[in-house]
Amino acid sequence: MVGKTVEYMFFLKAFEERFVSSFAPLDGNAETIGDLTFSNDTEFFIIEFKKELSKLEGEYSKFKDGLSGYLKAAEQMKINNSSKAHFIIGGKLSGKVLELDVREYFDLTSEFNGSIHDIFSNGLTLKEFNEYTKKYTELKKHSDEDGDSSDSNDASLGVFVNESVLAISLSTRQASVFPLDYYKAPKQSNKNNIKSTVKSTKVKEEIHITIKQGR
């Protein structure tokens, strides 16, 4: 079973059951949020796709200290109601039939047995979405950080990036643009030198457009 199969199956269900109004696959720096953001009318969701949910070492490695770092982040984020709109999806076999295995990203015990339409019924407002993605991405380990994540006292040394992402409507095939925010750590060749020169958090504006076309 390959990871892309899970993504294709999700998109097929989204098209068949029409619970998604628009979707925006993420790439590059913005992918620190997840593989996909999508909306259902005015509500937003975040999804990470995996081949299967029994092997998540690669996902844990995105946090400082691996699994223990993920668990610490989960303690903080599970009390945030917005985490209910953040999912991780893998594949599982039921006999010879491939099914989607959907869990909350920070609560992997949260197996869903209802329809996928019901699972994605309560999303985030755009304001809640951007507040959540800022907090969530601050907790992750960043590739620019010499293999090490900034502690909370160093968070102000990074930037909060605001990108405009192109979302594609499944029904009208039209595109719309919505903003998303995430934390990006600085490149740290000399942490002490950075501390002495950077005084406050900066906000960086970027335009990031992702278009994926299928037949």
Subject >> Burial ordering of R18, R103, fewest other beta-carbon atoms within 10 Å first >> reply: R18, R103
Subject >> Between the range 42-85 and the range 115-134, the Cα center-to-center distance that results, in Å >> reply: 15 Å
Original post:
Using modelled amide H (1.01 Å from N, peptide plane; none on Pro or chain starts), what sits under 5 Å from the amide H of D35, excluding residues fewer than 5 places away?
Top reply: I47, E48, F49
Subject >> At 1.002 mPa s and 20 °C, Stokes diffusion of the range 38-93 via Kirkwood alpha-carbon radius, µm² per second >> reply: 169 µm²/s
**OP:** Pull up all non-local amide H partners of S22: gap of 5 or more, or a different chain, and H-to-H distance under 5 Å with H placed in the peptide plane.
**Re:** S39, D41, L170
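Every number here is computed from the coordinates shown, using simple stated rules; none is lab data. From a predicted model like this one, the values you see are computed outputs, not experimental measurements. Every residue, glycine among them, receives a Cβ derived from its backbone with ideal geometry; neighbour counts consider all protein chains shown.
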